[in-house]
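Visitor: Below is a structure I'd like to ask you about.
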Amino acid sequence: MNIHEYQAKQLLAKFGVPISKGIACKTADEVGRAFTDLSVPMAVVKVQIHAGGRGKAGGVKLVRSADEAKKVAQGLLGKALVTHQTGPEGRVVKTIYVETGSDIEREMYLAVVMDRGSQAPVVIAAAEGGMDIEELAAHKPHAIARHRVHPVKGLQAFQARALTKHLGLKGDQAKAGAKLIAALVDAFMELDCSLAEINPMIVTKQGEVKALDAKMSFDDNALFRHKDVVELRDLNEEDPKEIEAKKFDLNYIALTGNIGCMVNGAGLAMATMDVIQLKGGMPANFLDVGGGANKTQVTNAFKILLSDKNVKGILVNIFGGIMKCDTIAEGVIAAAKETKMSVPLVVRLEGTNVELGRKLLQESGLNLQTAASLDEAAEKIVEAIR
């Protein structure tokens, strides 16, 4: 689960991360009043969407009066902001964050992320931060420091000192930087994050070290421990199909292709997507119905696939183990009839009760094709949508 910048800053501030004062707004009038309430000569107007690259896309503006802030907000609220992370459709701006401006002397990068290779959280830091951090990682990997956080002992003092040295902080700024790093790690661990990022972390001309931006993502499996974090969820920022899938315990991620996929097992789902691409097609989604799905879940999974206007054909690839092939067949038949399916359908079944499953499909009266292998299934669906 992701949250907005202003929400992430509010959480981090509770752990001791220094931030600038700011106010979240829903209307242009509120933005104008927020500038006045902050009582500063300069403020920053920031769109709040779950995507990076807002600055380059025109979603971050400096303003010097309440009227200017209001005018900028009028040009952003209700509009779709397109960044390199949103896709061509962009994200509609519904919230704007007005924050006190900062006299920036230096920008740095700091993040804590769960690293499977290290089997622990890892602190990542770079003396250069801001909008071009991706390019820095690609072309100057040596400029990025990585320190593994012990799962029990946490971040050690010598690691914090090494990180501040890498960031080029000295004296009181090094002390402030070490406290900020420790606070970010504490927040990451306490809130069961998968990512806690500050980009940029800045040093002001007044010598302050603080977070100018913040991004946090949380492990969905641990959200039951954090009811306060769950309340920060913004459904407007999520794909409606993904929201619907969660209601039925389905693992669904929308993609940009035109072949809908329904598979059981994450590994098999990934393999199915790969083979579709090898055969010249593009998957429209990742959908794992799980090993123990029932007829109702399969039916709803099928409905979610068909609700995607980009889907021109569907490939069902099921290996029946715990979930029997006849159960899958019954769900496919029920959903196809209920939704009056009009796109090509290819079904590949293997495993428990496979013969019964295939018989049900053949006698269903549906316009579908069956396949004996994944290669054959992928070839058939790619050809069908052409």
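Visitor: Among the residues of region 195-253, how many are touching a Pro at 6+ places or on another chain (Cβ under 6 Å) and of a type in the set (Asp, Glu)? Lay out the reasoning, then the answer.
Guide: As a first pass, look at region 195-253 and keep what is touching a Pro at 6+ places or on another chain (Cβ under 6 Å): 210, 212.
Of the ones still in play, those that are also of a type in the set (Asp, Glu) are none.
Adding up the residues that qualify gives 0.
Visitor: Of the residues 371, 329, which is touching a helix residue (DSSP H, G or I) at 6+ places or on another chain (Cβ under 6 Å), over 23 Å from residue 296 (Cβ atoms) and free of Cβ contacts under 8 Å to residues at least 40 places away in the same chain? Write out each step before concluding.
Guide: Values: 329 fails: over 23 Å from residue 296 (Cβ atoms).
Answer to the check: 371.
Let's see how each residue does on (1) at pLDDT below 85; (2) closer than 21 Å to residue 240 by Cβ:
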| site | (1), (2) |
| --- | --- |
| 288 | no, yes |
| 294 | yes, no |
| 304 | no, yes |
| 309 | no, yes |
| 316 | no, no |
| 320 | yes, no |
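Visitor: Where residues in region 120-135 are touching a residue at least 12 places away in the same chain (Cβ under 8 Å) and not in a strand (DSSP E or B), which of them is surrounded by the fewest Cβ atoms within 10 Å (Cβ to Cβ)? Lay out the reasoning, then the answer.
Guide: Restricting attention to region 120-135, the residues satisfying the condition of being touching a residue at least 12 places away in the same chain (Cβ under 8 Å) are 120-131, 133.
This time we only want the ones that are not in a strand (DSSP E or B), so: 127-131, 133.
Values: 127: 17, 128: 18, 129: 23, 130: 17, 131: 15, 133: 21.
Within region 120-135, the match that is surrounded by the fewest Cβ atoms within 10 Å (Cβ to Cβ) is 131.
Visitor: Answer with yes or no whether residue 302 is in contact (Cβ under 8 Å) with a residue 12 or more places away in the chain, buried (at least 24 other Cβ atoms within 10 Å of the Cβ) and either in contact with a Leu (Cβ under 8 Å, 6 or more places away or on another chain) or part of a helix (DSSP H, G or I) (or both). Give the steps one after another, and end with the answer.
Guide: Numbers: in contact (Cβ under 8 Å) with a residue 12 or more places away in the chain: yes; buried (at least 24 other Cβ atoms within 10 Å of the Cβ): yes; either in contact with a Leu (Cβ under 8 Å, 6 or more places away or on another chain) or part of a helix (DSSP H, G or I) (or both): yes.
In short, yes.
Visitor: Can you spot a residue in region 287-299 that is in contact (Cβ under 8 Å) with a residue 40 or more places away in the chain and in a helix (DSSP H, G or I)?
Guide: yes
Visitor: Tally up the residues in region 31-60 that are over 30 Å from residue 134 (Cα atoms) and free of Cβ contacts under 8 Å to residues at least 40 places away in the same chain, please. I'd like the intermediate steps shown before the answer.
Guide: The initial filter retains those residues of region 31-60 that are over 30 Å from residue 134 (Cα atoms), namely 31-41.
Checking the rest, the ones that are also free of Cβ contacts under 8 Å to residues at least 40 places away in the same chain come to 33, 36-37, 39.
Adding up the residues that qualify gives 4.
Visitor: Mind checking which residues of region 151-177 are aliphatic (A, V, I, L, M) and buried (at least 21 other Cβ atoms within 10 Å of the Cβ)? Show your work before the answer.
Guide: In the first step, residues of region 151-177 are kept if they are aliphatic (A, V, I, L, M); the result is 152, 155, 157, 160, 162-163, 167, 169, 174, 176.
Within region 151-177, 155, 160, 163, 167, 169 qualify.
Visitor: Can you name the residue in region 313-331 that is charged (D, E, K, R) and buried (at least 19 other Cβ atoms within 10 Å of the Cβ) and, of all such residues, is nearest to residue 248 (Cα to Cα)? Let's see the steps before the verdict.
Guide: Of all residues in region 313-331, those charged (D, E, K, R) come to 324, 326, 330.
The next check asks that each one be buried (at least 19 other Cβ atoms within 10 Å of the Cβ); those that pass are 326, 330.
Numbers: 326: 20, 330: 17 Å.
Restricting to residues being charged (D, E, K, R) and buried (at least 19 other Cβ atoms within 10 Å of the Cβ), the top hit is 330.
Visitor: Out of the residues in region 308-353 meeting the condition of being acidic (Asp, Glu) and not in a loop (DSSP other than H, G, I, E, B), tell me which one is farthest from residue 289 (Cα to Cα).
Guide: Across region 308-353, the extreme among qualifying residues is 338.
Visitor: Among (1) more than 20 Å from the chain's Cα centre (by Cα); (2) assigned to a loop (DSSP other than H, G, I, E, B); (3) closer than 24 Å to residue 180 by Cβ, which single condition is residue 52 missing?
Guide: (1)
Visitor: Condition first: under 33 Å from the mean Cα position of the chain (by Cα), surrounded by 20 or more Cβ atoms within 10 Å (Cβ to Cβ), not β-branched (Val, Ile, Thr) and not in a loop (DSSP other than H, G, I, E, B). Can you find one or more residues in region 354-365 that meet it?
Guide: Step one: filter region 354-365 for residues under 33 Å from the mean Cα position of the chain (by Cα), giving none.
No, there is no match, as no residue in region 354-365 is under 33 Å from the mean Cα position of the chain (by Cα), surrounded by 20 or more Cβ atoms within 10 Å (Cβ to Cβ), not β-branched (Val, Ile, Thr) and not in a loop (DSSP other than H, G, I, E, B).
The values are calculated or read from the model by the stated rules, or taken from the named source; none is laboratory data. Just so it is clear, the model here is predicted, and its values are computed rather than measured. So basically every Cβ, Gly included, is an ideal-geometry build from the backbone, and we count neighbours across all protein chains shown.
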